[in-house]
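Undergrad: Dropping the structure in here first, questions after.
Computed from the coordinates by the stated procedures, all read-outs in this text should not be read as laboratory data. The model shown is predicted, which means the values in this text are computed figures rather than measured ones. Cβ: placed from backbone, ideal geometry, glycine included. Neighbour counts: every protein chain shown.
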Amino acid sequence: MKVLVIGGTLFIGKALVRELLKAGHTVAIAHRRSGTEFGKKVTELVADRNDPAAFQKAVAGHSFDVVFDNVYDWERGTTADQVAATAMACSGNLQRYVFMSSVAAYGDGLNHQEGDALAKDDHPDSYVRNKAQSERALFRLHQRHGLPVVTLRPPYVYGPENPFYREQFFWDRMKLGRPLIVPGDGRRLMQFVFVRDLVDACLKAIEVPGAAGHAFNVANPRPVTQLELVQLLASASKSKAEVVQIPRENLMQAGGHPMRPPLYFGVYYDMPPITMVTQKIQRVFKWKATAFDAGLKETYKWYAKSYKAPVQNFDYEDKMLGLHRPK
């Protein structure tokens, strides 16, 4: 099949392109800057997907059977109107439009099923709002114009080549023998999916008859607490983890931030919990998640072999540990 991957040069998109090429598909990548590791194996379409006119110009003259829409602009946001414009620009003989949504589309709450209401249009978080609105827009196009859309709702995606400072945050500190800060009581729930499992779900979304018009939660079935996560990361790296629990309000009041430096936990890893059930994707796609400990061991192999730690500034952490570490 002729496949377009919007955003095929980082993490999920790159892993997806590799599998599509391995399966013999003809692949094009749409992204803002030219140059990929795939060379002449792919066709490059250079355009900013947030610019509908530029994107339409880039895809003009091309016909695709499948489109994977993986891109979200973290600096400017990607709105529902921009996503809908992308989908319409690629319509025609399209057999599947696979949109990478997020568990965040639910807004909040535990044990979500696919039929649960998504976050409202006035949700204060722009990422949550944009993902929920984008899904609604795509399913309206499905109902009105037959757009063969499938949406996937992953939680935290982990695995080799993760560009977010998440698993590596903890392993960098364990490697140096540093204590690890855990916010609050460490009981906030987190749910994960291995990047290769997410790619497998993407491929099944174009293979399974009747998938169009449906959303799928895609995750390891069992969430873990923040404390469990730290212990699993330590086990994967055969390290010991000294944990210091510090009240979340103290971390925030001292300037700590969940998304940017000074970090006290992995990027975006200290958020109100949102979890979901995954029976639908297991039943419809015959999909099975990699055991979390096994996926972390694979990720650690990549970390140990290929990852280069950033320049670190531990002043904030040292200050908080000095105040709260048992004497």
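Undergrad: Quick one: which residues, 5+ away or cross-chain, put their amide H under 5 Å from the amide H of VAL244? H built at 1.01 Å from N.
TA: Here LEU180, ILE181, VAL182 satisfy the definition.
Undergrad: Would you look at the GNM of the chain, springs on alpha carbons closer than 10 Å, and say which of GLY92, GLY256, GLY159 moves the most?
TA: Most flexible of the set in this elastic network: GLY92.
Undergrad: Next question. Could you please rank SER91, SER306, SER126, placing first whichever residue has the fewest other Cβ atoms within 10 Å of its Cβ?
TA: Going from sparsest to densest Cβ surroundings: SER306, SER126, SER91.
Undergrad: Would you work out the relative contact order for the range 196-267, in percent, from Cα pairs under 8 angstrom that are 6 or more residues apart?
TA: Reported as a whole number, the value is 12 percent.
Undergrad: If I take R0 = 56 Å and measure r between the Cβ atoms of LYS308 and LYS57 in this structure, what FRET efficiency does the formula 1/(1 + (r/R0)^6) give, to the nearest 0.05?
TA: Between LYS308 and LYS57 the formula returns 0.90.
Undergrad: If you don't mind, another one. Obtain the nm distance between the two label points defined at ARG325 and GLU207 by a simple spin-label model: each point lies 7 Å from its Cα along the Cα-to-C-beta direction.
TA: About 5.0 nm, to one decimal.
Undergrad: So for the chain, averaging the separation of alpha carbon pairs under 8 Å that are six or more residues apart and normalising by length, what relative contact order in percent results?
TA: Relative contact order, the chain: 17 percent.
Undergrad: Measure nothing fancy, just the Cα-based angle from helix 195-207's long axis to the longest principal axis of the chain, in degrees from 0 to 90, nearest 10.
TA: Here the helix axis deviates by roughly 20 degrees.
Undergrad: Now for a separate question. Over 24 Å between Cα atoms: which of LYS240/LYS301; LYS14/LYS301; LYS204/LYS280; LYS14/LYS240; LYS14/LYS131 fall into that group?
TA: LYS14/LYS240
Undergrad: Treating the angle as unsigned and between 0 and 90°, give the value, to the nearest 10°, between the Cα long axis of helix 126-145 and the longest Cα principal axis of the chain.
TA: So the helix axis and the longest Cα principal axis differ by about 20 degrees.
Undergrad: List the trypsin sites (Lys or Arg not before Pro) in the range 34-115 that DSSP assigns to loop (not H, G, I, E or B) and whose Cβ has at most 13 other Cβ atoms within 10 Å. Which are they?
TA: Filter output for the range 34-115: ARG76.
Undergrad: Can you give me the relative contact order of the range 10-61 as a percent, contacts being Cα pairs under 8 Å and 6 or more apart?
TA: That works out to 25 percent.
Undergrad: Report the trypsin sites (Lys or Arg not before Pro) located in the range 170-210 that are in a DSSP loop and have at most 15 other Cβ atoms inside 10 Å of their Cβ, or state none.
TA: Qualifying residues, ordered by number: ARG187.
Undergrad: Additional query: When the chain is fully extended, how far beyond the present Cα-Cα distance does THR36 get from ASP65, taking 0.36 nm per residue of separation?
TA: Going from the current span to full extension adds 8.2 nm.
Undergrad: Report the chymotrypsin sites (Phe, Trp or Tyr not before Pro) located in the range 248-316 that are in a DSSP loop and have at most 14 other Cβ atoms inside 10 Å of their Cβ, or state none.
TA: PHE314
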